[in-house]
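Below is one structure, written out as structure tokens; the observations come after it.
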Amino acid sequence: MADDASLMMAFSNVGLVPDAGAAWLLARLVGYGRAYELAAEGEKLTADRCLAWGLTNKLAPPGSVLDVALAWGIKLSKRPTLALGLTKDALTFAAAHNLADTIEYEARLQKQTIAGHDHMEGVTAFLERREPNYQGR
């Protein structure tokens with residue numbers, strides 16, 4: 001997110017309520033209290049506050065957002081992409097399920113990654129004190 005950008009839930013400024021799932025999503029992302037504050041006040045949420053509230057991962061100078069995003073993408077592409085994809089699956093699952101079901105789901109995903117090439121490569125690279133060469137499998 002550009003460090004001079006902002007977000008706004010402007011619905012209440014024109015006598016409306018959040019729609020298109022905005023209330024559902026926002027409450028889950030920042031908690032009920034912050035979601036209500038943002039929706040009720042209808043004021044801009046600065047980029048710094050978006051970062052503090054977890055609505056963005058990174059801030060970038062204006063005009064550099066694409067460069068920062070591409071650099072992050074390149075960094076992530078060198079990581080164990082299978083594990084990263086399954087991590088996203090686990091987080092998505094956890095958001096809609098209870099703890100016991102989530103632990104069971106994570107165990108199934110962990111079984112996939114333990115059997116994979118990238119896990120062995122990561123362990124071997126650690127023991128050999130070198131950078132891993134992940135292959136996404």
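Things worth noting here:
- Here r is the Cβ-Cβ distance between residue 78 and residue 127 and R0 is 25 Å; the resulting FRET efficiency, rounded to 0.05, is 0.85.
- Each peptide in 40-47, 17-24 was scored by the mean count of other Cβ atoms within 10 Å over its residues; highest first, the order is 40-47, 17-24.
- Dividing the radius of gyration of the alpha carbons in segment 6-76 by their Kirkwood radius gives 1.06 for Rg/Rh.
- Distance histogram for the chain (every C-alpha pair counted, 5 angstrom bins, percent rounded to whole numbers): 2, 9, 12, 13, 13, 15, 14, 11, 6, 3, 1, 0, 0
- Against the empirical 2.2 N^0.38 Å (N residues), segment 79-127 has a Cα radius of gyration ratio of 1.25.
- For residue 106 and residue 28, a Förster radius of 22 Å and the Cβ-Cβ distance give a FRET efficiency of 0.70, rounded to the nearest 0.05.
- Added length on full extension, which subtracts the Cα-Cα distance from 0.36 nm per residue, residue 99 to residue 57: 12.6 nm
- Sparse-neighbour loop sites [chymotrypsin sites (Phe, Trp or Tyr not before Pro); segment 44-97; at most 13 other C-beta within 10 Å; DSSP]: none
- GNM flexibility winner over the chain from 30, 14, 68 (Cα, springs under 10 Å): 14
- Trypsin sites (Lys or Arg not before Pro) within segment 53-136, DSSP loop, no more than 10 other Cβ atoms inside 10 Å: 129, 130
- Relative contact order for the chain, counting Cα pairs under 8 Å that sit 6 or more residues apart, in percent: 23 percent
Read the figures in this text as sums done on the coordinates, not as results from a lab. Since the model is a prediction, treat every value here as computed from it, not as a measurement. Because the Cβ atoms are built from the backbone with ideal geometry, glycine has one as well, and the counts that use them run over all protein chains shown.
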